[in-house]
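Report on the structure given below.
The values are calculated or read from the model by the stated rules, or taken from the named source; none is laboratory data. These numbers come from a predicted model, not from an experiment. For neighbour counting, all protein chains shown are included, and Cβ atoms are generated from backbone atoms with ideal geometry for every residue, glycine included. Areas reflect the complete protein model, heavy atoms only, side chains present, ligands, DNA and RNA absent. Shrake-Rupley method; radii C 1.70, N 1.55, O 1.52, S 1.80 Å.
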Amino acid sequence: MAGFFNFTAMRKLSLSTLLIFLALVTTAQYSFDAKKLSQELKELSSGVMDGRKTGTEGNRKARTYIIDHLKQLGIERFVPGYEQPFSVSQAGSLNQGTGGVNILGVIPGKKKETIVISAHYDHLGNRDGKVYYGADDNASGSAALLTIAEYFKKNPPVHRIIIAFFDAEEMGLRGSAYFVNSMDLEKESIVLNINMDMVARGDKNELYACGTFYYPQLKATVEGIQKLEGITLLFGHDNPETKRDDWTTQSDQGSFHAKKIPFLYFGVEDHPDYHRATDTFDKINLDFYAKSVETILQAAKALDMSGD
Ligand SMILES: [Zn+2]
């Protein structure tokens with residue numbers, strides 16, 4: 001009996017070992033469902049969303065899409081209905097008082113200190129019948145944020161995490177500026193912003209982490225994450241002496257930096273389709289995109305575990 005038992009146990013063991021091995025081989029290196037990630041990028045940058053310009057029907061559709069996904073993931077709302085409305089009046093625009101709406105969810109943490117992970121979901125809309133799809137800018141950051149939210153919902157963080165989809169970034173960081181002015185930042189213990197804007201194109205397989213020039217304490221933590229093959233994480237674009245190449249105030253991290261809140265911004269170099277109608281889904285390198293999101297997720301995990 002004993003011999004038979006051992007034989008069966010061994011057979012079971014080797015079969016399960018084989019299955020685990022196969023599972024490891026087939027699911028590759030990601031902490032999330034890469035297919036789902038690219039599907040969400042595709043949907044957010046589809047013609048249905050009509051370029052997601054603040055105050056338009058296409059923008060509203062993108063907002064409904066994001067809120068439905070947050071509800072499906074079981075992410076709590078940070079504000080009633082997840083929506084933080086604000087008014088935008090554009091200089092020289094006839095449409096004064098166009099409504100912007102930030103989308104805010106929250107994942108409770110073990111501590112009160114809070115990390116805001118963000119991406120803007122608006123883009124340039126439809127100009128003279130031409131849709132500006134904004135696949136890289138910034139459907140890529142928005143789909144990445146849904147993915148990262150799902151991860152931290154399933155793997156509870158140490159810090160409290162606010163998931164912020166900002167509106168009206170393209171009008172001059174208006175949504176994030178409203179957000180940082182809408183609350184007592186000290187009372188809410190906001191200690192860090194991790195912002196994503198254009199994280200999918202990487203034509204040279206390079207992803208930048210910007211912000212360590214001002215906040216060098218973040219660098220060692222991010223440098224310590226496991227490197228993935230086929231993507232290079234670089235630091236830079238945050239030295240004010242380089243002027244044009246300084247990205248500090250080029251996206252929503254600028255609103256946090258203005259309040260002296262440490263930030264880390266993830267993005268790629270500008271490409272020929274930047275702010276053109278040709279920034280479309282078919283130009284995205286999906287392999288690079290998944291690696292980029294995995295890198296940002298690993299950095300967010302490491303920063304969450306660290307003291308900052
Ligand atoms: Zn952008």
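Among residues other than VAL88 with Cβ under 12 Å from its Cβ, the summed charge is -2 (Lys and Arg +1, Asp and Glu -1).
Taking each of LYS204/LYS301; LYS42/LYS260; LYS71/LYS204; LYS61/LYS291; LYS112/LYS219 in turn, the alpha-carbon distance tops 32 angstrom for LYS42/LYS260; LYS71/LYS204. Two tests apply to each whole DSSP H helix in the chain, Cα reach of 30 Å or more along its axis and mean Kyte-Doolittle hydropathy of at least -0.5, and the ones passing both are 2-27.
With a/c under 1.5 counting as rounded, go ahead and sort the chain into rounded, prolate or oblate using the C-alpha gyration tensor (a ≥ b ≥ c being the square roots of the eigenvalues; past the cut-off, prolate if a/b is larger than b/c, else oblate). Verdict is prolate for the chain.
Using the Cβ-Cβ distance between SER306 and GLU76 with R0 = 25 Å, the FRET efficiency computed as 1/(1 + (r/R0)^6) comes to roughly 0.55.
Sequence-ordered 3J(HN,Hα) estimates for the stretch 197-205 from the Karplus curve with 6.51, -1.76 and 1.60 and θ = phi - 60° stand at 8, 6, 10, 10, 7, x, 4, 10, 6 Hz, glycine and proline given as x.
List residues of the stretch 293-308, by number, whose backbone nitrogen lies under 15 Å from a label position 7 Å along Cα→C-beta of TYR214. The answer is none.
Solvent-accessible area of the stretch 203-308 (1.4 angstrom probe, protein heavy atoms only): carbon and sulfur portion equals 49 percent. The relative contact order of the chain comes to 20 percent, based on Cα pairs under 8 Å that sit 6 or more residues apart. Which distance in nm do the two modelled labels at ARG60 and LYS259 give, with both placed 7 Å along the Cα-to-Cβ direction? In this crude label model, ARG60 to LYS259 measures out at 2.9 nm. Compared with the alpha-carbon gap, the fully stretched path from GLU83 to GLU186 is longer by 34.9 nm at 0.36 nm per residue.
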